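Single-structure report; data block below.
The values are calculated or read from the model by the stated rules, or taken from the named source; none is laboratory data. Given the structure is predicted, the values throughout are model-derived calculations rather than measurements. Positions of Cβ are backbone-derived with ideal geometry, glycine not excepted, and every protein chain shown enters the neighbour counts.
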Amino acid sequence: MTLHLVHCDKVDPTRWRNGGGRTRELLAWPTRDDWTVRISVADIDRDGPFSAYPDIDRWFAVVEGAGVVLSLGDGRHVLGTDSAPLHFRGEQAPGCELVDGATRDLNLMVRRHRGRSTLQRAEPGVEFHDRATLRALFCADAVTLQVDGSDACRLAPYSLLWADGGAHGRWRLHGVLERLRAWWLAFESAGT
């Protein structure tokens, strides 16, 4: 298994067409032109609707800031840095209201017909054991990751570490904070 590391601050942001924010694309897998999985960090500067992404499953988590209120067909979802990630269909294009100023958010998008995805909060000392096609860790705080019995890998804040093609084994997270801002991401192909 090969581990790949991407630092958010090394990725140039792309401004949204509606001017409401910027996105840093950390991973488009397997290729940028024909992605199945897309992981990005977005800085939302003002209220406004999300773009629609037909046939895409989306996960959304607030990483920094006071939070957002997303309006979907089933109601309003108030999300902050301690909230569980929200899963919704890309066709829904929710309205977004900032709670108190700009936010930074983690986004996972997957082409629905190609497989299924998960995004969950990573807890220190709790193993992440999955047989996914692709798996990753995104951290907004400095953490140390242990993969199986290998040497520990130190990750700076706002890093994405990912692996595909045999991304199995036990991943364990360590950090100095009791409540880390870190998330496990996984994608399993429809054919597996």
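Here is a yes/no grid of residues against (1) under 25 Å from C139 (Cβ atoms); (2) over 14 Å from the mean Cα position of the chain (by Cα); (3) without any contact (Cβ under 8 Å) to a residue 12 or more places away in the chain:
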| residue | (1), (2), (3) |
| --- | --- |
| I39 | yes, no, no |
| D47 | no, yes, no |
| S51 | no, yes, no |
| D57 | yes, no, no |
| A61 | yes, no, no |
| G101 | yes, yes, no |
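Return the total of residues in region 111-153 being among the β-branched types (V, I, T), closer than 21 Å to P85 by Cα and part of a strand (DSSP E or B).
2
How many residues does region 87-115 contain that are surrounded by fewer than 18 Cβ atoms within 10 Å (Cβ to Cβ) and of a type outside the set (D, E, K, R)?
Here the count works out to 8.
Suppose the filter is in a loop (DSSP other than H, G, I, E, B), of a type in the set (V, I, T) and not assigned by TED's automatic domain parsing to the domain that holds A156; does T81 pass it?
yes
Give A152, A93, A163 a once-over and let me know the one that is small (G, A, S) and under 21 Å from D43 (Cβ atoms).
Selected residue: A93, the only one of A152, A93, A163 that is small (G, A, S) and under 21 Å from D43 (Cβ atoms).
Would you mind finding the one in D9, D45 that is closer than 13 Å to D105 by Cα, surrounded by fewer than 20 Cβ atoms within 10 Å (Cβ to Cβ) and at pLDDT below 95?
Answer to the check: D45.
Mind counting the residues in region 12-36 that are among the β-branched types (V, I, T) and crowded, with 17+ Cβ neighbours inside 10 Å?
Residues in region 12-36 being among the β-branched types (V, I, T) and crowded, with 17+ Cβ neighbours inside 10 Å: 2 in total.
Return the residues of region 84-97 that are closer than 22 Å to F187 by Cβ and assigned to a strand (DSSP E or B); say none if nothing qualifies.
L86, H87, F88, R89
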